[in-house]
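The values are calculated or read from the model by the stated rules, or taken from the named source; none is laboratory data. Keep in mind it's a predicted model, so treat the numbers as computed, not measured. Just so you know, the surface numbers come from the protein's heavy atoms only, side chains and all, with ligands and any DNA or RNA stripped out. Shrake-Rupley method; radii C 1.70, N 1.55, O 1.52, S 1.80 Å.
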Amino acid sequence: GQNIDQPTEMTATEGAIVQINCTYQTSGFNGLFWYQQHAGEAPTFLSYNVLDGLEEKGRFSSFLSRSKGYSYLLLKELQMKDSASYLCAANPDTGRRALTFGSGTRLQVQP
Amino acid sequence: GAVVSQHPSWVICKSGTSVKIECRSLDFQATTMFWYRQFPKQSLMLMATSNEGSKATYEQGVEKDKFLINHASLTLSTLTVTSAHPEDSSFYICSARGLAKNIQYFGAGTRLSVL
């Protein structure tokens, strides 16, 4: 089966750092993705980890530990526009199956 | 990142009519396209997986005769909601994945309102 867990909601302050955790259990695994989705809009791709370790891309970083079935998305220097849902998604295999998405974490950035 | 174009972005139609939604990969060949539905404040729900030149694979509970999917080329997939009813009102989003990169890119979504 496929199961992805992430917190439902988080609140953080503008300028701060926030870490959104994700744990996954999938029958196969070929990479972990993070997407950002603003209300009423489609998801946009943020990051992709297939090997263990940290991937940094500007203010956003993503970490993966395959042995622990764990990933996190780190957002630095938070801005008001970062208020959105952040979706964790696992690629179950190397075939043509769709990503398995978590329910998303709604992040509210406050002044 | 890669560009996926989805049209129309907003549709209002009468109950009983059919609506066609187009999804195009603009700068890559999409061997596989996916169609999702999302209700307000809920997660993405995969409806079907579409591979170019073959029949779509529908998720459990999704009526294939109601949601017709055609993937005629490596850059175009269409979803037709046949005989739409108010309960079909939702946000429909397509996603495309190419051979070169193992990343799903999303279209902007289509908001369907059935009166």
Fill in: Rel. contact order, % - alpha carbon contacts under 8 angstrom, at least six apart, chain A
37 percent
Worksheet entry | Gaussian network model of chain A, springs between alpha carbon atoms under 10 Å - residue of A:98, A:12, A:84 with greatest fluctuation | A:98
Fill in: Gained length - residue B:10 relative to residue B:59, 0.36 nm times residue gap less alpha-carbon distance
15.2 nm
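Am I reading the A/B interface right? What is its buried accessible area, both sides, 1.4 Å probe, to the nearest 100 Å²?
Result for this pair: about 1500 Å² buried.
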Worksheet item: Which residues of segment A:44-88 show a drop of at least 20 Å² in accessible area when all protein chains are present, compared with their chain alone (probe radius 1.4 Å, heavy atoms only, ligands and nucleic acids excluded)?
Response: A:45, A:48
Fill in: Accessible surface of segment B:1-93, 1.4 Å probe, proportion on carbon and sulfur as whole %
51 percent
Fill in: Cα gyration tensor shape of segment A:38-111, rounded if a/c is under 1.5, else prolate or oblate by comparing a/b with b/c
oblate
